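Peer 1: Sharing a structure below in structure tokens format, with a few things to ask.
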């Protein structure tokens with residue numbers, strides 16, 4: 001969101017994305033955030049879950065049943081390269 005806000009200077013788009021991300025996180029956290037498929041790769045040392053929000057993917061981990069947002073990436077990015 002910082003990229004959208006500061007590099008692209010688009011406050012409205014950043015605000016819309018922020019609201020969408022928060023809404024998606026809140027809706028998943030009230031249920032069973034660990035009931036979703038784990039994003040797996042031999043290159044990763046941590047387990048991540050994913051939430052798809054518009055053209056972005058939110059990667060979160062669980063620490064004692066609390067969702068911890070680790071990364072938000074544009075969906076076209078090479079995620080394994082960024083997470084490794």
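Here, each number is a calculation from the coordinates, and none is a lab measurement. No experiment lies behind these values; they were computed from the predicted model shown. No Cβ is skipped: glycine too gets one built from the backbone with ideal geometry, and neighbour counts run over all protein chains shown.
Peer 1: When the chain is treated as a GNM, springs tying every alpha-carbon pair under 10 Å, which of 46, 19, 63 comes out with the largest mean-square fluctuation?
Peer 2: Looking only at 46, 19, 63, the biggest GNM fluctuation is shown by 63.
Peer 1: Okay, next question. Sticking with the crude label model, points 7 Å out along Cα→Cβ, report the distance from residue 77 to residue 5 in nm, one decimal please.
Peer 2: Between residue 77 and residue 5, the simple spin-label model gives 1.6 nm.
Peer 1: So which residue, out of 58, 21, 68, gets the largest mean-square fluctuation from a GNM of the chain using Cα contacts under 10 Å as springs?
Peer 2: It is 68.
Peer 1: Measure nothing but the geometry: give the 0 to 90° angle between the long axis through the Cα atoms of 11-29 and the longest principal axis through the Cα atoms of the chain, rounded to 10°.
Peer 2: Approximately 20 degrees, to the nearest 10.
Peer 1: Ignoring everything except DSSP H segments at least 4 long, calculate the 222 nm mean residue ellipticity for the chain; use -39,500 (n - 2.57) per segment, divide by total residues, nearest 500.
Peer 2: -9000 deg cm²/dmol, from helical runs alone.
Peer 1: Please compute the length gained on full extension between residue 68 and residue 34, using 0.36 nm multiplied by the number of residues separating them and subtracting their Cα-Cα distance. Walk me through the intermediate numbers first.
Peer 2: On the way: separation 34, 0.36 × 34 = 12.24 nm, distance 1.19 nm.
Length gained, residue 68 through residue 34: 11.1 nm.
Peer 1: With a 10 Å cut-off between alpha carbons and a GNM built on the chain, which of 16, 50, 28 moves the most?
Peer 2: Between 16, 50, 28, it is 16 that shows the largest mean-square fluctuation.
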